Amino acid sequence: TVGAVACDKYGNIAAATSTGGMTNKKWGRVGDSPMIGAGNYANNKTCAVSCTGSGEFFIRGVVAYDVSCLMEYKGMSLEAACNEVINKRILSIGGDGGLIAVDAKGNISMPFNTEGMYRACKSSIGIEEVLIYE
Amino acid sequence: MKNTFSIAIHGGAGTLLKGQMTQEKELAYKNALQSALTEGYDVLKNGGSSIDAVEKAVIILENCPLFNAGKGSVFTAEGTHEMDAAIMEGNKLQAGAVSLITGIANPISLARNIMDKSEHVFLAGDGALEFAKINGFSLEPASYFYDELRYNQWQDLKGSDNFQLDHSVKKDSKFG
């Protein structure tokens, strides 16, 4: 699964996610990515999120929207909300994977709870990273 | 106008597990990530919208066989490719999604078209492909999506009830 999240100069944010699914899948199984709210979500009031991992867990956890809700209703920062969802909520039900997220101020968060994560980010304030997390 | 703009991308969870990554492969992955990052960032730097930036970045990743999306999609149990994609913007909460499609090089652009040109959010299967054709998408042959690594990954599971996410080493898990 691949994805991107961005915040533009005007404070508008967006998320995109695309996947080829799982090897040997059948029965018309769909993953996390086509599920708005599960693996993909954007709201200028909170954040834009794109997920990757075992989709069934992300669907059941409504992960992307959950991050947004924690920010909107609980007042959490982007970083705190992302870590709460990936390292506590989704992990507590056995879910493996991660997400990338931005908020309307251009902040970036990229938590994950499994190995082999391909990530990169760049910001107008000078942040630039291209990383393979093992 | 706000000044800070940013982009983040992911290439999914590892196709190559720990210990399998050579320097050459690592460089190839990093170059692909850098290319997608740069293309997306340049959209933002030039005053473009976040929705255009994320679509652009994902197209670059979909066109790279290293990642499980678009050209690099894994094989289904039937030896085909079924892809899903979704896109959403945070200003007006517009969204588009597509699922269970085959032959489309860039599913993310089809999702964008669904968001921009239809009254719906989520299209799937044959209906989604019909929408794609009407909106000018061409269908790629199966050979476009063939990759030896992906094919071998499928051979390991073919004929079984097991399926596998890229980063998982468990073959008997319901959830990969």
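Which members of segment A:112-129 meet the condition of being touching a helix residue (DSSP H, G or I) at 6+ places or on another chain (Cβ under 8 Å), of a type outside the set (S, T, N, Q) and closer than 15 Å to B:Gly12 by Cβ?
Within segment A:112-129, A:Phe112, A:Tyr118, A:Arg119, A:Ala120 qualify.
Tell me which helices (runs of 4 or more DSSP H) are completely within segment B:30-136 and hold 3 or more residues being under 17 Å from A:Asn40 (Cα atoms), or say none if there are none.
On the way: elements: B:50-62, B:107-117, B:125-134.
Once the helices (runs of 4 or more DSSP H) in segment B:30-136 are filtered for at least 3 residues that are under 17 Å from A:Asn40 (Cα atoms), what remains is B:50-62, B:107-117.
If I ask for residues that are over 14 Å from A:Val5 (Cα atoms) and crowded, with 24+ Cβ neighbours inside 10 Å, which ones from segment A:41-66 would you list?
A:Gly53, A:Ser54, A:Gly55, A:Phe58, A:Val63
Of the conditions (1) under 22 Å from B:Asp84 (Cα atoms); (2) under 13 Å from the mean Cα position of the chain (by Cα), A:Glu56 clears all except one; give me its number.
Only one criterion in (1) under 22 Å from B:Asp84 (Cα atoms); (2) under 13 Å from the mean Cα position of the chain (by Cα) is unmet by A:Glu56, namely (2).
Looking for something farther than 20 Å from A:Asp32 by Cβ, at pLDDT below 95 and surrounded by 14 or more Cβ atoms within 10 Å (Cβ to Cβ) - is there at least one such residue anywhere in segment B:133-150?
yes
Identify the residue in segment A:67-109 that is under 21 Å from B:Asn3 (Cβ atoms) and of a type in the set (Val, Ile, Thr) and, among all such residues, is surrounded by the fewest Cβ atoms within 10 Å (Cβ to Cβ).
Among those that are under 21 Å from B:Asn3 (Cβ atoms) and of a type in the set (Val, Ile, Thr), it is A:Ile108.
Six or more apart or on different chains, Cβ under 8 Å: which pairs go from a residue in segment B:33-59 that's closer than 23 Å to B:Ala13 by Cβ to one that's surrounded by fewer than 17 Cβ atoms within 10 Å (Cβ to Cβ) and modelled with pLDDT of 95 or more? Could you list them?
B:Leu37/A:Glu128
Count, please, the residues in segment B:30-83 that happen to be over 15 Å from the mean Cα position of the chain (by Cα), crowded, with 22+ Cβ neighbours inside 10 Å and more than 7 Å from every other protein chain (Cβ to nearest Cβ).
So the answer is 1.
The values are calculated or read from the model by the stated rules, or taken from the named source; none is laboratory data. In this text, all values refer to a predicted model and were calculated from it rather than measured experimentally. FYI the Cβ positions are ideal-geometry reconstructions off the backbone, even for glycines, and counts take in every protein chain you see.
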